[in-house]
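Structure record follows, encoded as structure tokens.
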Amino acid sequence: MLEYVAKRTAIAVFVVFATSALTFLLLSLIPGDTAVMIIQRVFVGDVTYNPSRMEIKAAEEMFQLGNPLWMQYLHWLSNALHGDLGVSYISGRGVLGEILVRLPATVELAITATILSLLVAIPLGVISAAKQNSKFDYSSMALATFFISMPNFWLGLILILIFSLHLDLLPVSGYGGIEHLVLPAITLCAGMMSVTLRLTRSSVLEVLRLDYITTAKAKGMDEKRILYRHVLKNAMIPVITIVGLQLGYLLGGTVIVETIFAWPGIGKLLIDSINARDIPMIQGCVVFIAIVFSLVNMLVDLSYYFLDPRIKYDEV
């Protein structure tokens, strides 16, 4: 078990390192002079300002932009290993501090959407499998297909149009009470629910065809007991995998939904940083998302041991 955890940790560290290096390289290829952009946006506040050579050189020395790319990356990596992800070019505040300020909003939205999707998807998926080829099954699959085919941005705009503009029941955007959480959570929940529902149904159907389930039915065991005590637990492993991946993505930052609803999370921070060409903030957000995704993925893999004791990590 410990050996497996060590291997997965090593893989996660490599993934984060590779992500940071690739992101740093791609950001360096962005057209334009970073020193000029910093002077225009930070020091002057006018994007039309044409800085002098002396001003550009001073900015390059201040932010170490004149060094070779590999030296810049090693300097950033050294600071990152000590918990310093740099300073925002726009706000002048620490990148890590900005991310941690935005994290609670993203966590609130991600957890709410995940819980809603599970409350809907798992019961519907189990019942659809138990009543295969029934009207309920066809209706559930049609519902899942409809929402899985619907882009998040389109669904969000439709919900705003109906519940905010026409019915005036919920706010259009912003962050505050539970009324602000409803529409973005439903927007995120729809796609997750559809994937989880379909996977739950197929996984339960696969377990229902196994020999030990057939034996339990032959012995006269109650079908509900078979379904919820023996089938559901074994069918949850692939479901937990996809839910974990989705949760990792959501915790990393729901870019489109947070932008549509002006939700002050990490996804909105990333989009604003890209628009402002705030390179340290972009780098920090991408690395933070990679860390969260790798950590959640590793925890999901470890959860298999508790769901199915037959899984032995020492043999992996």
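Summary of values
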| quantity | calculated |
| --- | --- |
| Hits in region 274-288 - residues which are hydrophobic (A, V, I, L, M, F, W, C) and under 20 Å from Leu29 (Cβ atoms) | Ile274, Ala276, Ile279, Met281, Ile282, Cys285, Val286, Val287 |
| Count - residues of region 1-21 that are farther than 16 Å from Asn297 by Cα, loosely packed, with under 12 Cβ neighbours inside 10 Å and within 22 Å of the chain's Cα centre (by Cα) | 1 |
| Hits in region 258-278 (condition: in contact with a Phe, Trp or Tyr (Cβ under 9 Å, 6 or more places away or on another chain) and modelled with pLDDT under 85) | Ala276, Arg277, Asp278 |
| Helices (runs of 4 or more DSSP H) contained in region 128-240 and holding at least 2 residues touching a helix residue (DSSP H, G or I) at 6+ places or on another chain (Cβ under 6 Å) and within 18 Å of Ser117 (Cα to Cα) | 135-148, 152-159, 178-208 |
| Subset tally (residues that are within 17 Å of Lys233 (Cβ to Cβ) and surrounded by fewer than 23 Cβ atoms within 10 Å (Cβ to Cβ)) for region 170-202 | 2 |
| Subset of region 241-267 [in a helix (DSSP H, G or I) and more than 20 Å from Ala190 (Cα to Cα)] | Ile266 |
| Options Val16, Val107, Val95, Val101: the member that is closer than 30 Å to Gly191 by Cβ and in contact with a strand residue (DSSP E or B) (Cβ under 9 Å, 6 or more places away or on another chain) | Val95 |
| Members of region 246-285 found to be among the polar types (S, T, N, Q) and either touching a Pro at 6+ places or on another chain (Cβ under 7 Å) or in contact (Cβ under 8 Å) with a residue 60 or more places away in the chain (or both), listed by number | Gln246, Thr254, Ser273, Gln283 |
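The values are calculated or read from the model by the stated rules, or taken from the named source; none is laboratory data. Source: prediction; values computed, not measured. Cβ coordinates were reconstructed from backbone atoms using ideal geometry, including for glycine residues, and neighbour counts include every protein chain displayed.
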